[in-house]
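This report refers to the structure that appears directly beneath it.
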Amino acid sequence: MTKQITLAPVRQDELNTIKKELQEAFIKGLQDSFMDAENPKEMGPLPSDEDYEHSLNAKDSIVRQIMQDGKRIGGVVLQVNEKTGRNEVDFLYTLSSAHGKGIGTKAWLAIEAAFPETKVWELHTPYFEKRNIHFYVNKCGFKIVEFYHRGNPKPDMEGEEPESDEEYEFFRFEKVMTKESSDL
């Protein structure tokens, strides 16, 4: 029996727990991608505390927890622009105990259903996150529309000098919403 996935608001006192779970999920992805690294956690929390706080405090920010049977199994931080219908996924994660069970795909469908006026969804993911790339392209219907690198840095990298090429290298994904795309 498939258990229903829902989105629920996040209370103020839950935001630090969401951040911790998110950082643990992202570090796991880093560890899986760089198995030769002695300790990927030394690279710092991912996302950084500053990036997380920036996303939370953005004007159009919406934070939801992904729920199954009354238990949080993940979370999402979105930027929803009701005027343009062009929305962004800043962070989306599921707990490692939920991986490989189709829960991420159901969570994505719940996000789409919660924001039916969206015209375009956008997100970014590092070049090395093969699981994420597979998930967004093959499961959720996103298209890769741009590759950021040292010669084509992300617009928000202006004035920053990353320490390595890896800090520049991201894919930008889009999903243009149509009747067909929302029926995945």
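The values are calculated or read from the model by the stated rules, or taken from the named source; none is laboratory data. A quick note: this is a predicted structure, and the numbers were derived from the prediction, not measured. Cβ placement follows ideal geometry from the backbone for every residue including glycine, while neighbour counts extend to all protein chains displayed. Just so you know, the surface numbers come from the protein's heavy atoms only, side chains and all, with ligands and any DNA or RNA stripped out. Shrake-Rupley method; radii C 1.70, N 1.55, O 1.52, S 1.80 Å.
Which is open to solvent by 100 Å² or more (accessible area, probe 1.4 Å), of a type outside the set (A, V, I, L, M), more than 16 Å from Ser97 (Cβ to Cβ) and at pLDDT 90 or above, of Asn57, Asn16? Give the derivation first.
Details: Asn57 fails: at pLDDT 90 or above.
None of the other options fit; the residue is Asn16.
For Gly74, are the conditions met, namely being open to solvent by 60 Å² or more (accessible area, probe 1.4 Å) and small (Gly, Ala, Ser)? So that I can check it myself, show each step before the final result.
Working: open to solvent by 60 Å² or more (accessible area, probe 1.4 Å): no; small (Gly, Ala, Ser): yes.
Answer is no for this residue.
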Residue tally, condition within 28 Å of His149 (Cα to Cα) and assigned to a helix (DSSP H, G or I), over the range 97-134:
7
What's the number of the only condition in (1) modelled with pLDDT of 85 or more; (2) in contact with a helix residue (DSSP H, G or I) (Cβ under 9 Å, 6 or more places away or on another chain) that Phe115 fails to meet?
(2)
What tally of residues in the range 47-84 results from selecting those that are in a strand (DSSP E or B), out of contact with any helix residue (DSSP H, G or I) (no Cβ under 8 Å at 6 or more places or on another chain) and among the hydrophobic types (A, V, I, L, M, F, W, C)?
2
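Of the residues Phe135, Phe170, which is modelled with pLDDT of 65 or more and closer than 18 Å to Ala107 by Cα? If you could, list the steps in order and put the result at the bottom.
Numbers: Phe170 fails: closer than 18 Å to Ala107 by Cα.
Criteria check complete, one pass: Phe135.
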Residues satisfying the stated conditions in the range 19-37, i.e. open to solvent by less than 60 Å² (accessible area, probe 1.4 Å) and either modelled with pLDDT of 90 or more or not in a helix (DSSP H, G or I) (or both)
Lys19, Glu21, Ala37
Check off (1) open to solvent by less than 20 Å² (accessible area, probe 1.4 Å); (2) modelled with pLDDT of 95 or more for Pro40 and give me the number that stays unchecked.
(2)
